[in-house]
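**Q** Mind having a look at this structure? Questions to follow.
Bear in mind these aren't lab numbers, they're just calculated from the coordinates by the rules spelled out. Please read these numbers as outputs of a predicted model, since none were measured by experiment. With ideal geometry, Cβ positions are generated from the backbone for all residues, glycine too; neighbour counts draw on all protein chains shown.
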Amino acid sequence: MKHVGKNPSARRRATLFGLIVLVVIALALSLTRGSVDLSWGDAAAALMGKGNALASAVVLDLRLPRALSALVVGSALALAGVLMQVLLRNPLADPYVLGTSGGSAVLVLIAMMAGAPHSVVPVAAGAGALISMVLLLLLARSSGDWSSSRLLLTGIVLASGWGALISFLLSVSPAQQIQGMLFWLMGDLQPVTPGWWRSGVVLAALMLSLILARDLNLLAEGDLRARSLGLRTGLLRLAILLGASALTAVAVTLAGPVGFVGLVIPHMMRLLVGPDHRLLIPSSMLAGGALLILSEMTARVLWAPQQLPVGVITAFIGVPVFLLLLQKGASRGRP
């Protein structure tokens with residue numbers, strides 16, 4: 001233990017291994033805890049297709065799909081948060097700061113008002129995210145380069161416009177549809193698997209981010225230094241923007257806008273593993289997945305049998321944790 005404490009690289013590898021264990025424990029707890037508690041043996045038997053009918057239905061049809069979706073959404077939001085904070089060089093940047101979730105929310109609310117079936121909601125969310133991203137690309141393009149300040153200001157204005165449309169749609173929606181709309185806007189996981197294409201987008205983004213990890217380290221130190229070392233910052237910024245937008249779209253189509261995961265997790269992991277993106281990226285994804293799995297379980301258990309939106313739980317966790325990280329960073333002389 002003393003050797004690990006004195007060796008930063010060994011400590012960081014131990015942190016990464018600990019996060020993998022945490023994800024496994026979170027998945028196990030999610031499968032066994034709920035309005036109907038199951039033993040570890042019953043859950044394992046259900047996974048192997050040998051459990052009784054009740055355990056199999058609870059585990060395979062309800063809890064496992066939600067846990068896997070939470071893992072994908074949490075990982076996607078955490079990675080998107082890391083990329084956004086590099087892109088904008090702003091510690092308050094999160095996956096939703098550029099208005100992607102606002103475009104999704106507008107189209108989803110319109111679909112709900114039109115009485116569309118629930119299967120249409122992910123399609124509407126994806127289309128809204130795509131429209132928002134295209135608008136951002138068209139409005140933020142400036143004289144041959146992607147300026148961080150221009151991207152941020154354009155995204156904030158775009159998000160404000162979407163917010164106004166959301167308020168208008170909520171004000172004119174029928175009363176019987178308001179609860180479903182608010183649940184989606186607060187972040188709500190359904191018992192559906194993430195699907196191969198969402199998992200594929202997250203894995204592809206992970207691999208590309210790790211390949212570009214050294215470039216991300218340079219870009220985080222400033223444009224001038226990155227350019228002096230031969231880095232094509234304009235192309236890298238565009239790649240980061242597209243990757244973060246795709247990850248945010250994946251999360252929104254699956255769970256709606258779940259807050260604080262993409263904001264808090266990257267800061268927390270920087271304190272544990274440092275700013276090197278070769279470790280920061282995988283550790284943030286593991287921590288984000290574990291956090292959302294545990295939040296999803298808490299949303300089912302805390303007010304059982306009534307289920308809370310998972311976004312409410314992440315907000316309750318995220319606000320005090322972020323304030324604690326802010327205070328800890330100030331005590332160390334960090335912004």
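**Q** Could you go through segment 40-50 in sequence order and give the Karplus-derived ³J(HN,Hα) for each residue, using 6.51 cos²θ - 1.76 cosθ + 1.60 with θ = phi - 60°, rounded to whole Hz, and x for Gly and Pro?
**A** Ordered by residue, 3J(HN,Hα) equals 4, x, 5, 5, 5, 5, 5, 5, 8, x, 10 Hz.
**Q** Mind checking the log10 I(q)/I(0) for the chain at q = 0.06, 0.12, 0.13, 0.15 Å⁻¹? Debye, one equal scatterer per Cα, no solvent, two decimals.
**A** At q = 0.06, 0.12, 0.13, 0.15 Å⁻¹ the computed log10 ratios are -0.22, -0.86, -1.00, -1.28.
**Q** Under the rule that an exposed site lies in a DSSP loop and has at most 16 other Cβ atoms within 10 Å, name the longest stretch of the chain with no trypsin sites (Lys or Arg not before Pro) of that kind, not counting the sites themselves.
**A** 233-331
**Q** Which whole-Hz couplings ³J(HN,Hα) result when phi for each residue of segment 77-82 is put into the Karplus expression 6.51 cos²θ - 1.76 cosθ + 1.60, θ = phi - 60°, listed in order with x for Gly and Pro?
**A** For segment 77-82, the Karplus-derived couplings read 5, 5, 5, 4, x, 4 Hz, x marking Gly and Pro.
**Q** Same structure again: Just to check I understand the Karplus step: with θ = phi - 60° and J = 6.51 cos²θ - 1.76 cosθ + 1.60, what whole-Hz values come out for segment 312-320, glycine and proline as x?
**A** 5, 5, 5, 5, 4, 7, x, 4, x
**Q** Provide Leu79, Leu137 in ascending order of the number of other Cβ atoms located within 10 Å of each residue's Cβ, fewest first.
**A** Ranked by crowding around the Cβ, least crowded first: Leu137, Leu79.
**Q** If I model a spin label at Glu221 and Ser173 as a point 7 Å from the Cα along the Cα→Cβ vector, what separation in nanometres do I get?
**A** 4.8 nm
**Q** Under the rule a/c < 1.5 gives rounded, and otherwise a/b versus b/c splits prolate from oblate, where does segment 1-131 land using the Cα gyration tensor?
**A** oblate
**Q** Using R₀ = 25 Å, calculate the FRET efficiency as 1/(1 + (r/R₀)^6) where r is the Cβ-Cβ separation of Val21 and Asp276; round to 0.05.
**A** That gives a FRET efficiency of 0.70.
**Q** Positive end of the dipole of the chain, charges at C-beta (+1 Lys, Arg; -1 Asp, Glu), about the Cα centre: which of His267, Leu38, Ser132 has its Cα farthest in that direction?
**A** So the residue we want is His267.
**Q** Can you classify segment 124-230 as rounded, prolate or oblate using the Cα gyration tensor, where a ≥ b ≥ c are the square roots of its eigenvalues, rounded means a/c under 1.5, and otherwise it's prolate if a/b beats b/c and oblate if not?
**A** oblate
**Q** Cα gyration tensor of segment 216-335, axes a ≥ b ≥ c as square roots of the eigenvalues: rounded (a/c below 1.5), prolate (a/b > b/c) or oblate?
**A** Cα axes put segment 216-335 in the oblate bin.
**Q** Also, I was wondering about something else. Summing -39500 (n - 2.57) over the DSSP H runs of n ≥ 4 in the chain and dividing by its residue number, what mean residue ellipticity at 222 nm do you reach, to the nearest 500 deg cm²/dmol?
**A** -24500 deg cm²/dmol
**Q** Okay, moving on. Thinking of segment 171-224 as a set of Cα atoms, what percent of all their pairs are more than 14 Å apart? It would help to have the intermediate numbers written out before the result.
**A** Details: 1045 of 1431 pairs.
Considering segment 171-224, 73 percent of its Cα-Cα pairs are separated by more than 14 Å.
**Q** Amide H neighbours of Gly51 under 5 Å, at least 5 residues apart or on other chains, H built in the peptide plane: list them.
**A** The list, which skips near neighbours in sequence, is Ala46.
**Q** Running a GNM on the chain with Cα contacts under 10 Å, which residue among Asn217, Asn90, Asn52 ends up with the highest mean-square fluctuation?
**A** For the chain, modelled as a Gaussian network with Cα springs under 10 Å, the answer is Asn52.
**Q** Mind pulling up the Rg/Rh value for segment 65-201? Radius of gyration and Kirkwood radius, both on Cα.
**A** 0.99
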